[in-house]
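Coordinate-derived values only; no laboratory data. The model shown is predicted, which means the values in this text are computed figures rather than measured ones. Positions of Cβ are backbone-derived with ideal geometry, glycine not excepted, and every protein chain shown enters the neighbour counts.
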Amino acid sequence: MMCGIYSATLICDGNPVFGFKMNSLSFDLARFANSQADYEEWVINHRWVHRLYKQPGNELDIYEPNINNGILDLEDEKPHNIEIIVSDAFKNKSSIKFKVFSKRVQIPQKNYLAQKNLFMTAK
């Protein structure tokens, strides 16, 4: 019996950019399955959440397409249409469509020297 997510595809502006298909999983690579799913989420909340990006060091061969490991470049400050399509082994499909917007912001630099001085003791 098969259950759960068999495949998922991330589409940005009509172009498939990342996906996975659980055709088979080599025993030698099974340890990377915890990288595909958010294992910490499973441990804390008992929910399986699949990543739609490939983490560094993950050697699973289930990813196609795999453009930029699923990391989207949204620095153009334009709206983007996102679609996620998920299916099970019986070819039942669900999808969700939404827009994302990006905006450049300046990330303030931390003054580590000032923080270090907070922990210095007086003589």
Take peptides 91-99, 12-20, 64-72, 38-46 and line them up by average Cβ neighbours within 10 Å, highest first, as a rough protection proxy. 12-20, 64-72, 38-46, 91-99
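Classify segment 7-118 as rounded, prolate or oblate from the Cα gyration tensor: take a ≥ b ≥ c as the square roots of its eigenvalues, call it rounded if a/c is under 1.5, otherwise prolate when a/b beats b/c and oblate if not.
oblate
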